[in-house]
Amino acid sequence: MLKKILTCAVMLTVLTGCKQIKATINQTLNGGTVAGAAYCSELNSNRLISDESIRASCIKKFEKELPNSVTRSLDGRAGPSKNANENVFSGTVENNSDQYVVTQITVNVIFRENDETKEVTTVQIEGWFEPNVGPQKFISNKAINPPEDWTTAPYCNEGNTNRCWGWSPISSHGLKL
């Protein structure tokens, strides 16, 4: 009986160890890629945690900071808004890169008065922005240190309606196709 218990214990250790070895090899060979995140999801699939939670965890594990050329390829229309009484930044973004899925964008929202920068607020946008599929909607995480009059566009007045605010992606994270 003891021999059977020890055999089962050794087999269990080997089986779980193999999964860990596969995960380590996957991270080493496929870090920063869609294929790596997909295989991570496959390896970690189980009945206790939703597929969506596993997918999100694997994407976070595998995403990398993307080249500046990808960040510069992002384009869109957006503005300050409210979501459940939180100051957020919402709109659409278009990923014009050819080789990357963008999963996170850090954006500076810049408020100007007479072409002088008055305030800069940083927001994080998370999502799944595939390349060359057109504009995709987003709502950012809560804005960090926004001006009090966030949604009324501070510094936008009768004499300063042109270029009183703007936004600029400063970095991005994602996965290579």
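The values are calculated or read from the model by the stated rules, or taken from the named source; none is laboratory data. Since this is a predicted model, take the numbers as computed values, not measurements. Note that each Cβ is placed from the backbone with ideal geometry, even for glycine, and that neighbours are counted across all protein chains shown. These accessible areas exclude ligands, DNA and RNA; they are computed on the full protein's heavy atoms, side chains included. Shrake-Rupley method; radii C 1.70, N 1.55, O 1.52, S 1.80 Å.
List of remarks:
- Scanning segment 92-124 for residues that are open to solvent by 30 Å² or more (accessible area, probe 1.4 Å), touching a Gly at 6+ places or on another chain (Cβ under 6 Å) and among the polar types (S, T, N, Q) returns a single hit, Thr92.
- Every pair of residues 6+ apart whose Cβ atoms lie under 8 Å, when the first sits in segment 125-149 and is open to solvent by less than 30 Å² (accessible area, probe 1.4 Å) while the second is of a type in the set (Gly, Ala, Ser): Ile125/Ser140; Phe129/Gly174; Pro131/Ser97; Phe138/Ala78; Phe138/Ser90; Phe138/Gly91; Phe138/Gly127; Ser140/Ser90
- Top-ranked residue of segment 156-177 - restricted to ones that are assigned to a loop (DSSP other than H, G, I, E, B) and at pLDDT 70 or above, ranked as least open to solvent (accessible area, probe 1.4 Å): Cys164
- Members of segment 55-90 that are among the hydrophobic types (A, V, I, L, M, F, W, C), out of contact with any Cys (no Cβ under 8 Å at 6 or more places or on another chain) and free of Cβ contacts under 8 Å to residues at least 24 places away in the same chain: Ala56, Ala84
- Reported count of residues in segment 92-114, each being of a type in the set (A, V, I, L, M) and within 13 Å of Ser73 (Cβ to Cβ), is 4.
Okay, residues lined up against (1) modelled with pLDDT of 85 or more; (2) over 30 Å from Pro147 (Cβ atoms); (3) in a loop (DSSP other than H, G, I, E, B); (4) among the aromatic types (Phe, Trp, Tyr):
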position: Ile25; (1), (2), (3), (4): no, yes, no, no
position: Gly36; (1), (2), (3), (4): yes, yes, no, no
position: Tyr39; (1), (2), (3), (4): yes, yes, no, yes
position: Leu43; (1), (2), (3), (4): yes, yes, no, no
position: Thr71; (1), (2), (3), (4): yes, no, no, no
